[in-house]
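Notes follow the structure.
No value in this document is a laboratory result; all are computed from the given coordinates. These numbers come from a predicted model, not from an experiment. Positions of Cβ are generated from backbone atoms using ideal geometry, with glycine treated the same way; all protein chains shown enter the neighbour counts.
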Amino acid sequence: MMRGVLKANRKKDNKAKTIIYQGLDETTFEIIAFAETSKEIWEALQQKYKGANRIKKIRLQSLRGEFELLQMKSSESISDYHTRIMVIVNQMRRNGEALTDV
């Protein structure tokens with residue numbers, strides 16, 4: 001069971017890294033190329049930009065990509081899917097995205 005959890009966490013981390021990579025230009029990618037986890041990537045970006053608006057912009061790009069790729073899982077209830085959507089939407093709003101409820 002523990003192996004399954006570790007495997008799921010690695011899969012989520014790899015997905016997060018992929019989404020982050022998609023929102024970066026080549027120069028910025030070079031800064032994070034050797035990071036092994038998504039957490040290390042974010043820490044490197046925060047160090048580089050020291051919480052500047054650029055971090056928010058990159059985060060928003062990642063969230064937009066994640067939002068666009070959202071699909072309901074076959075084992076997921078409508079309520080769970082709605083919760084996942086709202087988590088992403090709320091993160092986008094916290095990072096400055098102007099979204100309507102529509």
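With a cut-off of 8 Å between alpha carbons and a minimum separation of six or more residues, what is the relative contact order of the chain in percent?
24
Using 0.36 nm per residue of separation minus the Cα-Cα distance, give me the extension gain between Met86 and Lys50 in nm, one decimal.
My answer for the length gained is 10.2 nm.
Given labels modelled 7 Å from the Cα in the Cβ direction, how far is it in nm from Glu97 to Thr18?
The modelled label-to-label distance comes out at 1.9 nm.
Given only helices, namely DSSP H runs of n ≥ 4 each adding -39500 (n - 2.57), what is the per-residue ellipticity at 222 nm of the chain, to the nearest 500 deg cm²/dmol?
-23500 deg cm²/dmol
Please arrange Met92, Met2, Met86 by counting, for each residue, the other beta carbons lying within 10 Å of its beta carbon, fewest first.
Least crowded to most crowded, the residues run Met2, Met86, Met92.
As an exercise, use a Förster radius of 41 Å and the Cβ-Cβ distance of Phe67 and Arg3 to find the FRET efficiency, rounded to the nearest 0.05.
0.85
Please find, in a Gaussian network model of the chain (springs between Cα atoms separated by less than 10 Å), the residue of Ser79, Ser62, Ser38 whose mean-square fluctuation is greatest.
Checking each option, the largest mean-square fluctuation is seen for Ser79.
Dipole magnitude of the chain about its Cα centre, charges +1 at Lys/Arg Cβ and -1 at Asp/Glu Cβ only, in debye to the nearest 20?
260
Could you tell me which of rounded, prolate or oblate describes the range 22-65, using a ≥ b ≥ c as the square roots of the eigenvalues of the alpha-carbon gyration tensor, with rounded for a/c under 1.5 and, failing that, prolate when a/b is larger than b/c and oblate otherwise? Let's see the in-between values first.
Numbers: a/c = 1.44, a/b = 1.21, b/c = 1.19.
The shape class here is rounded.
Would you give the gap between the C-alpha center of the range 33-49 and the C-alpha center of the range 3-20, rounded to a whole Å?
Here the two parts' Cα centres lie 16 Å apart.
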